[in-house]
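Reviewing the structure listed below.
The values are calculated or read from the model by the stated rules, or taken from the named source; none is laboratory data. Not measured: the values here are computed from a predicted model. So basically every Cβ, Gly included, is an ideal-geometry build from the backbone, and we count neighbours across all protein chains shown.
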């Protein structure tokens with residue numbers, strides 16, 4: 001089973017993935033970008049936010065996604081694979097830049113994923129106040145420096161994309177307690 005944990009930075013995805021890893025044996029945990037050797041290099045470029053072309057940025061994300069699917073997801077299709085981010089983030093960030101069409105983004109991502117969207121998606125939804133509080137306690141990367149309103153816009157595009165694509169999903173209130181969120185996820189995943 002291929003499951004995406006989606007959401008903007010500081011929403012709690014990584015914390016919940018760590019909790020699941022403690023409770024589920026043989027869980028495959030990965031991330032986009034950065035889950036493969038190529039992905040590590042792509043992540044460095046993407047988080048530096050130095051590409052002047054948004055098309056180049058999109059294509060680098062898609063190249064990472066294709067490599068990630070080939071090296072991690074496809075070869076572990078009989079196991080539970082949880083990815084910290086995936087194509088929903090890619091679509092959300094691309095739409096927030098107002099440079100791309102939703103249907104074209106879906107086509108490109110289907111190509112990168114060999115027509116295999118995830119089985120389930122868990123989307124963490126936060127608010128501007130919590131985002132402000134959590135980002136103030138860390139060093140921001142190039143994408144986070146685009147601003148809090150930008151990140152909230154990305155989050156809304158993620159939510160809308162999941163609904164449009166009708167992929168089984170769970171929307172999580174990321175402002176809830178860690179334990180409540182964990183229990184909701186366990187119930188949803190039935191593990």
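Filtering the range 1-16 to residues that are part of a helix (DSSP H, G or I) and over 20 Å from residue 118 (Cα atoms) leaves only 15. Would you check if there is a residue in the range 112-121 being closer than 17 Å to residue 11 by Cα and modelled with pLDDT of 95 or more? The answer is yes; a qualifying residue exists.
Under the condition of being surrounded by 13 or more Cβ atoms within 10 Å (Cβ to Cβ), at pLDDT below 95 and out of contact with any helix residue (DSSP H, G or I) (no Cβ under 8 Å at 6 or more places or on another chain), the residues counted in the range 141-188 number 1. Within the range 17-38, take every residue that is in contact with a strand residue (DSSP E or B) (Cβ under 7 Å, 6 or more places away or on another chain) and not in a loop (DSSP other than H, G, I, E, B) and give me the one that is farthest from residue 72 (Cα to Cα). Result: 20.
Scan the range 40-53 for residues that are in contact with a helix residue (DSSP H, G or I) (Cβ under 8 Å, 6 or more places away or on another chain) and closer than 22 Å to residue 84 by Cα and the total you get is 5. For the range 56-73, the candidate set comprises residues that are out of contact with any strand residue (DSSP E or B) (no Cβ under 7 Å at 6 or more places or on another chain) and farther than 16 Å from residue 111 by Cα; within that set, the residue that is modelled with the lowest pLDDT is 57. The condition (being touching a helix residue (DSSP H, G or I) at 6+ places or on another chain (Cβ under 9 Å) and without any contact (Cβ under 8 Å) to a residue 24 or more places away in the chain) is satisfied by just one residue among 120, 132: 132.
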